[in-house]
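> Dropping a structure here in structure tokens format, bear with me for questions.
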Amino acid sequence: MVTSSKVGFCDTHVIANSISVELANFFRDSGFSEQNIIGGDSCVRMQHLWSKKFSTVQEADICFKKSQFYIKQDKSFVGYIEEEVIAVDEPISNLPLDEAIWDKLLPKLSPSPCSEGIVKACDIHLALHQVNSKVDKKFLESGFYYLDLYKPNLGNVRIYTMQTQNRKVGRQILQDLKKTLAQGGGVEGFLKFEVTRKLYNQGFSLPPLIYGNGL
């Protein structure tokens, strides 16, 4: 079973393709955990992922400010740091798969490359310990991208993601996905909705997202 986080907590992530030993040591000494990336689709280009959880926004803000300062000093760093608030974190029970419901309810989305200077408003994540090949195909056809991580005591975890520039649009996608999962079954894991509070990018090509007010 994929472990749940807590609603209201803050997640701070450092995503990078290039990071110096000194900066990596800073994140490690600051309590960040390095995630073991084992794969992902063509939308995921990261080589390194560091994460830390905070129980208050104030703690997360202090860490973000300090981390951003050290990142800016390291000209070899290619990546970004983001601070997010967990707004939804719900378990998804495994029900029998009904492909017809998936085909009917799962929204067909068309994310676009993220332009320089654009900051996403939110993320929809679905974390699964076991992946149904039929469901996997439907997620990819719907526009989601995925990242595969190895987590101690859990094994491989696949995380499907959709990002939007508009929080209201993100909420609508979340509701459509919840309805699909509740009626269509086929998966077991956790569904998360995270709101972006801060993001600093230093030369990284960000994943695609849904622009504006429409799908």
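The values are calculated or read from the model by the stated rules, or taken from the named source; none is laboratory data. Treat the numbers as computed from the prediction; the structure is a model and nothing was measured. Note that we place each Cβ from the backbone using ideal geometry, even for glycine, and neighbour counts take in every protein chain shown. In case anyone asks, the SASA skips ligands and DNA or RNA and just uses the protein heavy atoms, side chains included. Shrake-Rupley method; radii C 1.70, N 1.55, O 1.52, S 1.80 Å.
> List, please: which pairs have Cβ atoms under 8 Å, are six or more places apart or on different chains, and start with a residue in the range 158-178 that is touching a residue at least 60 places away in the same chain (Cβ under 8 Å) and end with one that is assigned to a helix (DSSP H, G or I)?
Sorted first by the residue in the range 158-178, then by its partner, the pairs are ASP176/LEU105.
> For the range 143-182, give me each residue that is under 19 Å from LEU95 (Cβ atoms) and open to solvent by less than 10 Å² (accessible area, probe 1.4 Å).
Once the filter is applied, which keeps residues that are under 19 Å from LEU95 (Cβ atoms) and open to solvent by less than 10 Å² (accessible area, probe 1.4 Å), the range 143-182 yields TYR160, LEU174, LEU177, THR180, LEU181.
> Give the residues of the range 50-88 that are open to solvent by 20 Å² or more (accessible area, probe 1.4 Å) and in contact with a His (Cβ under 9 Å, 6 or more places away or on another chain), sorted by residue number.
Across the range 50-88, the qualifying residues are SER51, LYS52.
> Give the residues of the range 117-176 that are under 16 Å from LEU209 (Cβ atoms) and among the hydroxyl-bearing types (Ser, Thr, Tyr), sorted by residue number.
Residues satisfying the conditions are SER142, TYR145, TYR146, TYR160, THR161, THR164.
> For LYS192, all conditions in the list (1) basic (Lys, Arg); (2) over 16 Å from the mean Cα position of the chain (by Cα); (3) surrounded by 17 or more Cβ atoms within 10 Å (Cβ to Cβ) hold save one; what is the number of the exception?
Result: LYS192 passes all but (2).
> Further question on the same structure: Starting from the range 4-23, keep only residues that are within 10 Å of HIS48 (Cα to Cα), then list their pairs with residues that are surrounded by fewer than 14 Cβ atoms within 10 Å (Cβ to Cβ) and among the small types (Gly, Ala, Ser) whose Cβ atoms are within a distance under 8 Å, requiring at least 6 positions of separation or different chains.
If the second residue must be surrounded by fewer than 14 Cβ atoms within 10 Å (Cβ to Cβ) and among the small types (Gly, Ala, Ser), the pairs left are SER18/SER76; ILE19/SER76.
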